[in-house]
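One structure is given here, and the rest of the page talks about it.
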Amino acid sequence: MFHETSVIRFKLRLEIVARTVFTIMTIAAIIPLIAIVTYLVAKAAPVLSWEFVSEFPRKGMTEGGIFPALLGTLYMVGLSLLIATPIGVLAAVYLNEYAGDNWFTRIVNLAVVNLAGVPSIVHALFGLGAFVMLLGRPCILAGSLTLAIMTLPVIIASTKQALAAVPKPFREACWNLGASRWQTIRTIVLPNSISGILTGIILQVSRAAGETAPIIFTGAVFFRRDLPASVMDQSMTLSMHLYSVATQGAKIPEEIQYGTAVVLLGFVLLVNASAILFRIYFRSRKKW
């Protein structure tokens, strides 16, 4: 029969103290989030309705809804996702599966890390000088390309980590059976790393939907009475609309400003929740 020694009792007490401290820290992080969301919803409650989401703004955005801004956000984020995801995933596949450890790959990895730390306003100026000048005018495509460049490092980094997490014996077993490197990547490595890849995409969507600086010069517009007809038109977005009504419109009711913030927050949470469900599903299908 085992008896507790003084050392074991000390370690148990230390573990209880550590668990208590970590619990308090977790609660301290959650409480401000709950308080902020509650405050926003309470302020926006007078305008939160289906009409607010589905109607066009009226009377200088002092009445009506935010449907053009919501749709423009979907356009901008969705197009940037279509551009950045394949490029980011393929770049990560090359860096992790094909490229060796040499000066070129070290420069590329350093460039990816540095690109992730560039302020968003710098991306906006780059998008203005590159894509807007190339396309001839600010438009949805120029804004989406700017957002894609800004979020590309996150997708590359998270995809590389997900690919590296797949056990090497999986690859060796395929090679021993005669499979080529690409066959191994396509049938074994990518399916087993899809949950990690989705993590990078989730972060990309969240950041792209909430950014204002990269699109203020490249594709977003303060107000328009109709919907964009193509990717060569400008569009309203939720982040730009929120910035506009909060800083430029003195006569715009306060509840519309908070309502826009709540819709933007809800949009990000909805997209994140959907992606997280997909990630959980694919993670449950892992072979290890």
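Details
- Estimated vicinal HN-Hα couplings, Hz - the range 115-126 in sequence order (Karplus 6.51, -1.76, 1.60; Gly, Pro = x): 5, 5, x, 6, x, 5, 5, 5, 4, 5, 5, 5
- The count of lysine pairs in the chain that are at least 8 places apart or cross chains, and whose C-alpha atoms lie under 21 Å apart, stands at 7.
- Choice from GLN183, GLN257, GLN161 with maximal GNM fluctuation in the chain (Cα, 10 Å cutoff): GLN183
- Total charge dipole magnitude, the range 1-131, about the Cα centre, Cβ charges on Lys, Arg, Asp, Glu only, Debye to nearest 20: 420
- Within the listed set ILE16, ILE87, ILE156, the Gaussian network model of the chain (springs between alpha-carbon atoms below 10 Å) gives the highest mean-square fluctuation for ILE16.
- Environment charge of LEU147, counting only residues whose C-beta is closer than 9 Å and scoring Lys/Arg +1, Asp/Glu -1: 0
- Listed values for the range 176-184 are Karplus-derived 3J(HN,Hα) couplings in whole Hz (6.51 cos²θ - 1.76 cosθ + 1.60, θ = phi - 60°), namely 5, 8, x, 6, 6, 4, 5, 4, 5, and x replaces Gly and Pro.
- Mean separation of Cα contacts under 8 Å (6+ apart) over length of the chain, as relative contact order %: 25
- The range 25-163: C-alpha gyration tensor shape, a/c 1.5 cut-off, then a/b vs b/c: oblate
- Here is how the number arises for the chain: DSSP H runs of 4 or more residues each give -39500 (n - 2.57), the sum is divided by the residue count, and the result at 222 nm is -23000 deg cm²/dmol.
- Note that the range 51-63 has calculated 3J(HN,Hα) couplings of 5, 5, 7, 9, 9, 7, x, 9, 6, x, 6, 7, 9 Hz, one per residue in order, obtained from phi through the Karplus relation 6.51 cos²θ - 1.76 cosθ + 1.60 (θ = phi - 60°); glycine and proline are x.
- Charge dipole of the chain (Cα centre as origin; +1 on each Lys and Arg Cβ, -1 on each Asp and Glu Cβ, all else neutral): 840 debye, rounded to the nearest 20.
- A value for Kirkwood radius over Cα pairs in Å was derived from the coordinates, and within the list (i) 18.5; (ii) 22.0; (iii) 20.1 it appears as (ii).
- DSSP-loop trypsin sites (Lys or Arg not before Pro) across the range 37-100, with at most 10 other Cβ within 10 angstrom: LYS59
- Rolling a 1.4 Å probe over the heavy atoms of the protein chains gives the chain an accessible area of 56 Å² per residue.
- Nonlocal amide H pairs with GLU63, under 5 Å, H built at 1.01 Å: ARG58
- TYR98/ARG137 FRET efficiency (R0 45 Å; Cβ-Cβ; nearest 0.05): 0.70
- Given their separation in residues at 0.36 nm each and the Cα-Cα distance between them, LYS251 and PHE22 gain 77.8 nm when the chain is fully extended.
- Of the residues LYS11, LYS160, LYS251, the one that moves most in a GNM of the chain with alpha-carbon contacts below 10 Å is LYS11.
- Once the Cβ-Cβ distance of GLU15 and LEU277 is raised to the sixth power relative to R0 = 30 Å, the FRET efficiency obtained is 0.30.
The values are calculated or read from the model by the stated rules, or taken from the named source; none is laboratory data. This is a predicted model, so every value here is computed, not measured. All Cβ positions, even for glycine, are placed from backbone atoms using ideal geometry, and neighbour counts span all protein chains on display. Just so you know, the surface numbers come from the protein's heavy atoms only, side chains and all, with ligands and any DNA or RNA stripped out. Shrake-Rupley method; radii C 1.70, N 1.55, O 1.52, S 1.80 Å.
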